[in-house]
1. Within segment 169-178, can you find the residues that are under 12 Å from the mean Cα position of the chain (by Cα) and either assigned to a loop (DSSP other than H, G, I, E, B) or closer than 16 Å to Gly41 by Cα (or both)?
2. Looking at Trp22, is it under 19 Å from the mean Cα position of the chain (by Cα), modelled with pLDDT under 90 and of a type in the set (Phe, Trp, Tyr)?
3. Checking Gln29 against (1) free of Cβ contacts under 8 Å to residues at least 60 places away in the same chain; (2) more than 23 Å from Pro133 (Cα to Cα), which single condition isn't satisfied?
4. What's the number of the only condition in (1) in a helix (DSSP H, G or I); (2) at pLDDT below 90; (3) small (Gly, Ala, Ser) that Ala51 fails to meet?
5. Identify all residues within segment 17-39 that are in a helix (DSSP H, G or I) and among the polar types (S, T, N, Q); write none if there are none.
6. Looking only at residues that are in contact with an Asp or Glu (Cβ under 8 Å, 6 or more places away or on another chain) and assigned by TED's automatic domain parsing to the domain that holds Gln25 in segment 197-254, which one is farthest from Trp157 (Cα to Cα)?
Amino acid sequence: MAPQTSIPVAANVLGTIGTGCWCVQLIPQIWTNYRTKNTEGLPGIMMFLWAICAVPFGAYSITQNFNIPIQVQPQCFGTFCLISWAQTLIYHDKWPVWKASTLGFVVWALFGGAEAALILTLRPLYDRGIDFPMIILGVIASILLALGLLPPYLEIWKRRGRVIGINWIFLTIDWSGAFFSLMALVAQNTFDVLGGVLYIICVILEAGIFVCHLIWMFRTRKIRAHAKSEGKTFDDIAKECEEQDGEFKFAEREIKIHGRRKKDDASKVSLGDVEVEKI
């Protein structure tokens, strides 16, 4: 696909809306993480893969000469992803704040350098008509984005469709950003397939997260209504069933990991640096 030579006004407007969404979409999630001091249900690997994704996609969008808002978008997106990733290190993995912050900054600088190197290396090749490196870059970005959205589905499977830890405002804004960015590409003189695929993947997989939780809410409506009538929560009912050794239809699935058991906490299984709560 040849670089864009002129950008229609509609593409710039839609791209600006999409970029606005993707510049702020993680702020509600970051705030929720900070306020609750808890990132349970928010996979750190999701944030890290998304941050990596911003490197090839940023280089791809700049080399393809997309409208300016979409060129800026990956930079903001990657930065906020790294902030959220650092929070998972602090709140879930119990890293010291200074250690997680330092690592986050170092990774951010390395990613910025890698993107600049990709642009300086691949742009001359692309100008000479050598397209395949850019195609590979776009494919890598799309794969990383898709992979980043898979860990939440493991959490959803574990909780039988329930979504916890993910801020719904964040997810809504993120979905909107992907949708408007996709429309910006549609409004350009020529549609970039690889760039479009990245946004389409995001739109579909994030919509799936909404659907899973809505189905869970429908299936558990009677239990939640009963719990509310007694001044309890869904989790209270689940805990009571567990304490009474009763079978609870919506109990969390057990994830079995073979490893040595820690002596000081019989409820955890340790495997290297990973600890998994037994359910």
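1. Hits for segment 169-178 are Phe170, Leu171.
2. Yes: the conditions hold for Trp22.
3. All conditions are met except number (1).
4. Against the list (1) in a helix (DSSP H, G or I); (2) at pLDDT below 90; (3) small (Gly, Ala, Ser), Ala51 comes up short only on (2).
5. Selection gives Thr19, Gln29, Thr32, Asn33, Thr36.
6. Applying the filter and picking the extreme gives Cys202.
The values are calculated or read from the model by the stated rules, or taken from the named source; none is laboratory data. Worth saying up front: this structure is predicted, and the values here are computed from it rather than measured. Neighbour counts are summed over all protein chains in view; Cβ atoms, including those assigned to glycine, are modelled from backbone coordinates with ideal geometry.
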